[in-house]
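The values are calculated or read from the model by the stated rules, or taken from the named source; none is laboratory data. All values reported here derive from a predicted model rather than from experimental measurement. Here Cβ is always computed from backbone atoms with ideal geometry, including for glycine, and neighbour counts include all displayed protein chains. Surface areas here come from the heavy atoms of the whole protein model, side chains and all, with no ligands, DNA or RNA. Shrake-Rupley method; radii C 1.70, N 1.55, O 1.52, S 1.80 Å.
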Amino acid sequence: MKTSFQIGKIIGIPIKIDISLLLILALFTYVFATDNLVIYGFVLGFGGLAISLPWQLVLGAFLSVLFFICVLLHELGHSYVTQRYGYKINGITLFIFGGVSQIEEMPREPRMELTIAVVGPLVSLLLGGIFYVLYLLFASLGSSLVPQIGFVISGTLAFYNVILGFFNLIPAFPIDGGRVLRAAIARTTDYGRATRIAANIGKVFAIAMAVFGFFYNFWLILIAVFVYVGASQEAQATEIQIALEDLKVKDLMTQHVEFVSPDLTLHQFTDFIHTHKHTSYPVLEHETLVGIITVMDLHTVQKNNQESTFIRDVMHKEVLTTSPDESANNAFKKMIRHTNERMIVMDHDKVLGILSWSDLLHAIQMKQTRKNI
Ligand SMILES: [Zn+2]
């Protein structure tokens with residue numbers, strides 16, 4: 001299910017909002033509108049102002065949106081530097097736990113990763129500083145209503161941006177601080193090992209965070225789960241990336257593919273499969289690739305209708321193609337992006353083979369068993 005939608009583009013990067021953000025915006029709106037909490041002199045809400053509840057809610061909503069713009073600026077900090085290093089950003093998504101930049105491939109160069117990771121928290125701390133100056137300015141303007149509102153807005157944003165900046169510097173991979181840690185470890189050991197160590201430290205932090213959260217703040221438990229799962233996933237993704245390194249599509253593809261015609265009935269196709277034993281077949285019409293059909297597609301049509309159904313009726317017309325010299329890592333990413341398990345390997349107009357998800361998994365397994373022996 002698609003849960004996020006694009007709201008615009010900044011410096012060429014699609015900005016997306018996940019529907020879970022709306023939930024947190026509503027919660028923040030309510031908290032900012034009604035809270036009257038004072039921490040270190042910062043008034044963190046409009047609850048104490050002499051205004052009606054509807055106005056408190058309007059201001060609360062405004063402040064929540066401003067806060068998420070700050071989160072977006074934090075992410076844009078990461079994305080801007082990543083782009084400057086020549087890497088591609090697929091988008092920034094704002095969701096219930098804040099923001100995340102979809103970086104197609106993280107640079108392996110430790111110094112680059114360090115700069116990319118550290119710039120986000122720096123943006124947050126810088127924003128905190130700017131809002132702090134505004135906060136002092138509003139504080140000096142007296143106690144009439146408008147300066148009071150400015151005082152609450154700037155104070156709350158100063159407070160939460162500083163929290164955001166420092167929180168992200170905790171060395172719990174995949175939080176920014178954890179990436180800084182991985183970059184530091186990667187200077188002395190290989191990238192895969194550095195990732196494993198950083199991910200394990202991240203998991204320890206996540207457990208500690210959950211225990212702490214159990215006593216003090218329920219929210220921390222949710223963030224801990226997010227960190228724990230994130231650490232595991234990133235470590236796995238890195239293992240895969242390393243396993244497929246130096247491999248090309250032509251090293252992994254299945255050659256000697258058999259073609260079928262779109263005019264074959266599914267009944268004829270069943271007979272065909274029995275003699276050929278592949279799981280997927282490119283569909284060719286007048287020498288041109290028009291689709292792909294797999295053994296699984298047979299099950300979508302009932303047995304007694306297979307005489308009257310043709311391959312062209314059930315084949316997948318959207319075919320993912322690749323070239324034999326494309327890197328296995330790129331092919332892997334393409335399959336994930338398109339949620340497609342197969343690619344047809346083409347050399348110009350000629351079909352050379354098929355690369356399937358299981359070919360890739362097989363290669364990864366081979367690499368890992370070899371490493372463990
Ligand atoms: Zn960040």
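Here are some notes:
- Degrees between helix 357-372 axis and first principal axis of the chain (Cα, 0 to 90, nearest 10): 70
- The smallest convex shape that holds all Cα atoms of the chain, its convex hull, gives 195 Å³ per residue.
- Computed over protein heavy atoms with a 1.4 Å probe, the carbon and sulfur contribution to the accessible area of segment 153-233 reaches 73%.
- Model label points for ARG187 and GLU258, set 7 angstrom from Cα along the Cα-to-Cβ axis, are 5.9 nm apart.
- Theoretical gain in end-to-end length, ASN304 to LEU222 [0.36 nm per residue, Cα-Cα removed]: 24.4 nm
- Pairs with C-alpha atoms separated by more than 21 Å, drawn from the list LYS88/LYS367; LYS16/LYS88; LYS9/LYS333, are LYS88/LYS367; LYS9/LYS333.
- For segment 303-352, with all protein chains in place and a probe radius of 1.4 Å, 47% of the accessible heavy-atom surface sits on carbon or sulfur.
- Evaluating 6.51 cos²θ - 1.76 cosθ + 1.60 at θ = phi - 60° for every residue in segment 340-347, the Karplus couplings come out as 10, 8, 9, 10, 9, 8, 10, 10 Hz, glycine and proline recorded as x.
- Taking N as the residue count of segment 24-141, its C-alpha radius of gyration divided by 2.2 N^0.38 Å amounts to 1.30.
- Per residue, the accessible area of segment 255-326 comes to 61 Å² when a 1.4 Å probe rolls over the protein heavy atoms.
- For segment 111-172, accessible area per residue (1.4 Å probe, heavy atoms of protein chains only), Å²: 47
- In order along segment 140-152, the Karplus-derived 3J(HN,Hα) couplings, from 6.51 cos²θ - 1.76 cosθ + 1.60 at θ = phi - 60°, round to 7, 8, x, 10, 6, 4, 4, x, 4, 5, x, 5, 5 Hz, and Gly and Pro are given as x.
- Backbone HN-Hα couplings from phi across segment 319-331 [Karplus 6.51/-1.76/1.60, Hz, Gly and Pro as x]: 10, 8, 10, 8, 10, x, 9, 5, 6, 4, 4, 5, 4
- Within the straight-line cut-off of under 29 Å between alpha carbons, the lysines reachable from LYS303 are LYS277, LYS317, sequence neighbours fewer than 8 places apart in one chain being disregarded.
- Cut-off 17 Å (backbone N to label point 7 Å along Cα→Cβ of ASP313), residues of segment 262-285: 262-271
- Nearby aspartates and glutamates by direct alpha-carbon distance to LYS203 (threshold 16 angstrom, same-chain neighbours under 8 apart not counted): ASP176, GLU234
- Helix 218-244 vs. the chain, principal-axis angle (Cα, 0 to 90°, nearest 10): 40
- For GLU285, the residues 5 or more places off, or on other chains, whose built amide H falls under 5 Å of its own are VAL290.
- For segment 205-302, applying the loop criterion from DSSP together with a ceiling of 16 other beta carbons within 10 Å to the GluC sites (Glu not before Pro) yields GLU245, GLU258, GLU287.
- Compared with the dominant principal axis of the Cα atoms in the chain, helix 110-139 is inclined by about 30°.
- Between VAL204 and ARG108, the modelled labels are 2.7 nm apart [label points 7 Å from Cα along Cα→Cβ].
- Fraction of alpha-carbon pairs over 19 Å apart in segment 249-373 - percent: 51
- Per residue, the accessible area of segment 1-97 comes to 53 Å² when a 1.4 Å probe rolls over the protein heavy atoms.
- Calculated FRET efficiency for the pair ASN36/ILE130, C-beta based, R₀ 22 Å, to 0.05: 0.35
- Surface composition of segment 4-51: carbon and sulfur make up 68 percent of the accessible area, probe 1.4 Å.
- A straight line joining the Cα centroids of segment 113-169 and segment 186-259 runs 32 Å.
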